[in-house]
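Please read the structure below before turning to the comments.
The values are calculated or read from the model by the stated rules, or taken from the named source; none is laboratory data. None of these values were measured; they are calculated from a predicted model. When we count neighbours, we look across all protein chains shown, and the Cβ atoms used for this are built from the backbone with ideal geometry, even at glycine. The accessibility values were calculated without ligands, DNA or RNA, using every heavy atom of the protein model including side chains. Shrake-Rupley method; radii C 1.70, N 1.55, O 1.52, S 1.80 Å.
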Amino acid sequence: PVGGMDRIVDGFVRSVGRMISYDSEVVRIARAGGRAQVAVRNRRSGTVSTIEADHVICTIPLTVLKGIDSDFSDLVRRAIAAGSGVYIPAVKVAYEADRRWWELDHHIYGGISWTS
């Protein structure tokens with residue numbers, strides 16, 4: 001995104017900020033009839049609450065997801081386990097410049113850039 005990857009987060013906060021739970025940890029993902037149910041622990045108070053929804057978009061890394069209590073099928077569990085060992089060691093570097101040359105000169109607007 002033009003202006004940096006923070007623009008994605010800023011858009012979510014503008015649109016649904018009142019629904020965002022900070023300092024929360026997913027402790028269970030399960031079905032509840034035809035809906036989804038996610039149990040979340042507040043990391044400050046230790047209180048566990050449950051959220052129900054029609055759908056869940058899960059962006060938890062597979063290495064973490066495999067350790068979360070769930071009612072996933074055996075097939076899904078095997079897929080999560082198989083995929084959790086294929087992550088590439090990476091690093092994110094903060095960089096400050098006088099101008100956004102990567103966008104202006106090279107049309108790079110985010111994502112992964114490989115270097116030598």
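For this structure, a couple of remarks:
- Accessible heavy-atom area order of MET5, MET19, highest first, probe of 1.4 Å: MET19, MET5
- In this structure the amide hydrogen of ILE68, modeled in the peptide plane, comes within under 5 Å of no amide hydrogen from residues 5 or more places off or on another chain.
- Net charge contributed by nearby residues that have their C-beta within less than 15 Å of ALA82 (K/R +1, D/E -1): +2
- Contact order normalised by residue count of the range 10-57, Cα under 8 Å, 6+ apart, percent: 28
- Gyration tensor (alpha-carbon) shape descriptor, the range 1-62, a/c threshold 1.5: prolate
- Classified by the C-alpha gyration tensor, the range 37-102 has an oblate form. Its axis ratio a/c, with a ≥ b ≥ c, is 1.5 or above, and a/b does not exceed b/c.
- Only one residue of SER70, ILE8, TRP114 has its Cα farthest out toward the positive end of the dipole of the chain, where Lys and Arg carry +1 and Asp and Glu -1 on Cβ, and that residue is SER70.
- As a calculated quantity, the FRET efficiency between ILE108 and ARG41 at R0 = 35 Å, using C-beta atoms, amounts to about 0.35.
- Residue separation of ARG99 and CYS58 scaled by 0.36 nm, minus their Cα-Cα distance, works out to 11.2 nm of gained length.
- Our estimate of slack between VAL16 and ALA82, defined as 0.36 nm per intervening residue step minus the Cα-Cα distance, is 20.4 nm.
- Heavy-atom accessible area, probed at 1.4 angstrom with all protein chains present, ranks TYR109, TYR22 as TYR22, TYR109, highest first.
- The chain: relative contact order as a whole-number percent, Cα under 8 Å and 6+ apart: 21
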